[in-house]
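For reference, the structure discussed in these notes is given below.
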Amino acid sequence: MILSFLNDLFQQDFMLRAMVAGFVLGAIAPTIGSIVTVRRLSFIADTLGHFSLVGISVSLYLSTLGISIFFERPLYLGIIFSIVGGLLIELFRRSYKNYKEISMVIVISLGAALSAIFFSLSKKTGSLYSYLFGSILTVTDYYLVLILITAVIVLVLFIVFGKQILSVSFDETTAKFLGININLFQIMFMIVLSIVVSVLLESAGVLLISSMMIIPVAAAMRIGWSFKSTLVISIVFSELSVFFGLWLAYSLTIPSGAAIVSVNIIILLIIAIAKRLRTNRQIAKLDKLKQ
Amino acid sequence: MQIDIRNLSFAYGHRSVINGLSHTINPGDYLVVQGKNGTGKSTLIKCLLGVNSVKNGMLFLDNQDINSFKQWTKFGYVSQNYDGFNYEFPLTVQELLKFSTITKKSEHNYLKLLDEMGILEIVNQNINSLSGGQLQSVFIVRAMLNDPEVLILDEPTASIDKQNTEFFYKTIGELNRKGITIILITHTDSLENLEYTHVLNMALDLTTTLCTKEEAKGVDEL
């Protein structure tokens, strides 16, 4: 079964594109996801995804009025709206300093409401399904290039500003004493996150973006012994999910995003069970030694 | 660095915590800020660090108004109970210290400092496996990494045992002798083993008394 999948993978262009796109996204998503998790903002990708959807729905609505912007590619307006959503979160965060999640609830609600209104006005509610659940199998060459550019941006940022990113993420207060401009960092991080979320939206869909970013990290956190090891393990888990998820999607004819996320969850469960069994074994060993 | 506090007042809503405090901390001073819980010690530190914005009174750092002050790398800070730090995500001591360095020189500094603190053996350990005392020592090393001019320590010995507390105060005393200004906040420690120069007492009724070590000793003897 897996052999025929591999055979088709190298013979059919759309399959190969999907796999390459999946592998690149599989590396970017947990990389950004690890920072989001350290900053305790796991819910943020969902929030930005909903606001990105507003941009897409507005773009579709404008095209029904005969107004074409960004060469009728809704993704770009999605990126802009996602950035606006990110800046709104920062704005509300300053008003509710100790309740980070309130700002996200406000923005996610606004995003959901506005996108529902504009999708309805555009009379293109049929396309809503693919935006909610994504489809990596329909990835075009153009989109693949966009994913690669995003990956290069993320990679360069991590290489150049890795120290600063980790300092602010682990401890905002003390990062100031390392000469880091926290406000500028917050805005830059929000912009990069908005771009990544919007790019992920086409393949994973609004409802599954968070899963691709956070679940591999959640599983890796259980067995990682350092930040570096946790990041590497989360990328490995993510890539395994992409491969086996696409295989499942291809074999069972099910949505690819959902299949990838399901494999992610299975890995998380396996890790949780293995960790529990190991702890129980260690406790039993200690009890034996005490006797 | 000179820290000049002029008629500083601070309130959380209608609850006043600091009322008209004035004091100058000179380079090389070792100031102990003492007082019970709720007397505004940590609030004062948050004002000094620019976390709480000062609306009543003035604060000057090296003759520069705190609102326009930019050279925060001159400060080292250890917060109370590691406030704000996410120590649950896997991270080794080495990783933490490496990303907390500013210069190449400080990158080489961390092993020496860990050795001096007697915790070199934990360099590759995950921070979430450390005891409270070890973690606090790591944060002290982090605060000293970039050769700060001022070291602010907010209840730094809260989770350290007695033996390590004595060692810690000895280290802080040595740093002060090297010329680093120390501001130490405490609500429990006796001043007996400290090599401080001034002590600021903050009371629940918002009154503050400032005295030198000699004056404080005189009060104790009475």
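A few points about this structure:
- Any hit, segment B:7-23, residues being closer than 14 Å to B:Ile152 by Cβ, hydrophobic (A, V, I, L, M, F, W, C) and surrounded by 14 or more Cβ atoms within 10 Å (Cβ to Cβ): no
- Restricting A:Ser241, A:Ser211 to those that are open to solvent by 10 Å² or more (accessible area, probe 1.4 Å), touching a residue at least 40 places away in the same chain (Cβ under 8 Å), away from every other protein chain (no Cβ under 11 Å) and part of a helix (DSSP H, G or I) reduces the list to A:Ser211.
- Filter pass, A:Phe185 being open to solvent by less than 40 Å² (accessible area, probe 1.4 Å), within 14 Å of chain B (Cβ to nearest Cβ) and either under 30 Å from B:Gln94 (Cα atoms) or without any contact (Cβ under 8 Å) to a residue 12 or more places away in the chain (or both): yes
- Search result, residues across segment B:30-73 that are open to solvent by 10 Å² or more (accessible area, probe 1.4 Å), in a strand (DSSP E or B) and either within 14 Å of another protein chain (Cβ to nearest Cβ) or not hydrophobic (A, V, I, L, M, F, W, C) (or both): B:Gln34, B:Gly35, B:Asn56, B:Gly57, B:Gln64, B:Asp65
- Among residues that are within 15 Å of the chain's Cα centre (by Cα) and either part of a helix (DSSP H, G or I) or crowded, with 19+ Cβ neighbours inside 10 Å (or both), A:Val261 is included.
- Count of segment B:100-114 residues which are within 12 Å of chain A (Cβ to nearest Cβ), open to solvent by 10 Å² or more (accessible area, probe 1.4 Å) and not in a loop (DSSP other than H, G, I, E, B): 1
- Restricting attention to segment B:75-88, the residues being surrounded by fewer than 21 Cβ atoms within 10 Å (Cβ to Cβ) and within 7 Å of chain A (Cβ to nearest Cβ) number 3.
- Any pair with Cβ under 7 angstrom, 6 or more apart, that starts in segment A:109-134 at a residue that is without any contact (Cβ under 8 Å) to a residue 60 or more places away in the chain and ends at one that is open to solvent by 50 Å² or more (accessible area, probe 1.4 Å): A:Lys123/A:Thr64
- 1 or more residues closer than 29 Å to B:Gly84 by Cβ: qualifying helices (runs of 4 or more DSSP H) within segment A:62-169: A:74-95, A:100-122
- Screening the candidates B:Gly20, B:Gly76, B:Gly84 for the property of being closer than 25 Å to B:Leu135 by Cα, modelled with pLDDT under 90 and not in a helix (DSSP H, G or I) yields one hit, B:Gly84.
- Options A:Ser169, A:Ser127; residue that is on the phi < 0 side of the Ramachandran plot and buried (at least 20 other Cβ atoms within 10 Å of the Cβ): A:Ser169
- So A:Ser229, is it of a type in the set (Ser, Thr, Tyr) and in contact (Cβ under 8 Å) with a residue 24 or more places away in the chain: no
- Qualifying position, being within 20 Å of the chain's Cα centre (by Cα), part of a helix (DSSP H, G or I) and of a type outside the set (A, V, I, L, M, F, W, C), among B:Glu121, B:Glu166: B:Glu166
The values are calculated or read from the model by the stated rules, or taken from the named source; none is laboratory data. Only a predicted model underlies this, so the values are computations on that prediction, with no experimental measurement involved. Don't worry about glycine lacking a Cβ; one is built from the backbone with ideal geometry, like all the others, and counts go over all protein chains shown. Side chains are part of the model used for accessible areas, which takes the heavy atoms of the whole protein and leaves out ligands, DNA and RNA. Shrake-Rupley method; radii C 1.70, N 1.55, O 1.52, S 1.80 Å.
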